[in-house]
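Report on one structure; see the data block that follows.
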Amino acid sequence: GSTQLIDCLPFHPFSPLLLLFPFCFHRMTLFRNLKLMTAIDNKGGIGKDCSVPWNLPTDLSWLEMSTRLTLDPTKRNAVIFGRRTYFSIPQSDRPYGGRLNIVLSSSWSDEDQSTNTVIFVRNWMEIERVLEEFSSDLENVWILGGSEVYRHALENDLVEEVRITEIEEQFDCDAFFPKLDWRGRFDIETTRRMRENGIGYSMTIMRRR
């Protein structure tokens, strides 16, 4: 924390440091105030065969709205995926438009080519550097999976807000949300119960205490 603050302050001893604090604070806090969004079945499943095994259009619309919306129309949001999660998205839908896509990939292939809208990184330190580089352009940063990406963000207390869809049925998933004791660190802000395509579920927003 303190090292980053020093790095982003000018060296001149008479610089108006207070004017720079908001910018520096934003750079430092983006990485430590991530937003996490997920949908799970009643066993904590998040996917099967590299796809989502349920069809809930309202939940998809919530994901799209949440990750796109900014209060400042000149800014955009970032979305962070693990490599398998990113490439499980239909090719016609990736990268997510209007957002900076960051893909965490420990192994690289010819597909992993960074562009203006998608950036491939090897580790969380590189994610932090990317967020610093684009900090003036970004308002929110969303974690969208998979399991190990969720785990790292929650274990390291990097998440300030969780938006979770909890489905009342089981879908024989083979990928699961990490089993961590994280809920006690968050307060429920809103919950909305839904029923769609014969499936009952809830959509909840939680904020870090």
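For the chain, what proportion of DSSP beta bridges, expressed in % and rounded to the nearest 5, is antiparallel? Intermediate values should be presented prior to the final figure.
Values: 20 of 43 bridges.
For the chain, the DSSP antiparallel bridge percentage is about 45.
Per residue of the chain, what 222 nm ellipticity follows from adding -39500 (n - 2.57) for every DSSP H run with n ≥ 4, rounded to the nearest 500?
Here the helix-only value at 222 nm equals -8000 deg cm²/dmol.
Hey, of (i) 97; (ii) 143; (iii) 109, which did the structure itself give for volume of the Cα convex hull per residue in Å³ when calculated?
Entry (ii).
At 0.36 nm per residue, minus the direct Cα-Cα distance, what do Glu169 and Asn116 gain on full extension? Give it in nm, one decimal, please.
15.1 nm
Subtracting the Cα-Cα distance from 0.36 nm times the residue separation, let me have the gained length for Arg209 to Lys48 in nm, one decimal.
54.7 nm
If I take every Cα pair under 8 Å that is 6 or more residues apart in the chain, average their sequence separation and divide by the length, what percent do I get for the relative contact order?
Result for the chain is 28 percent.
So, R0 is 30 Å and r is the distance between the beta-carbons of Ile188 and Arg94; what FRET efficiency does that work out to, to 0.05?
0.45
Using 0.36 nm times the number of residues separating Arg151 and Leu71, minus their current alpha carbon distance, what extension gain do you get?
Roughly 26.0 nm would be gained on extension.
So which chymotrypsin sites (Phe, Trp or Tyr not before Pro) in segment 89-195 end up in coil per DSSP with only 15 or fewer other C-beta atoms within 10 Å? Each step should come with its number before you reach the end.
Values: sites: Tyr96, Trp108, Phe120, Trp124, Phe134, Trp142, Tyr150, Phe171, Phe176, Trp182, Phe186; in loops: Tyr96, Trp108, Phe134, Phe171, Trp182.
Hits after loop and neighbour filter: Trp108.
Within the chain, what is the number of lysine pairs with alpha carbons under 19 Å apart, leaving out pairs fewer than eight places apart on the same chain?
Going through the chain pair by pair, I get 4.
Each value in this text was obtained by applying a stated rule to the coordinates, not by laboratory testing. These figures come from a predicted structure and were not determined experimentally. Neighbour counts run over all protein chains shown; Cβ positions are idealised from the backbone, glycine included.
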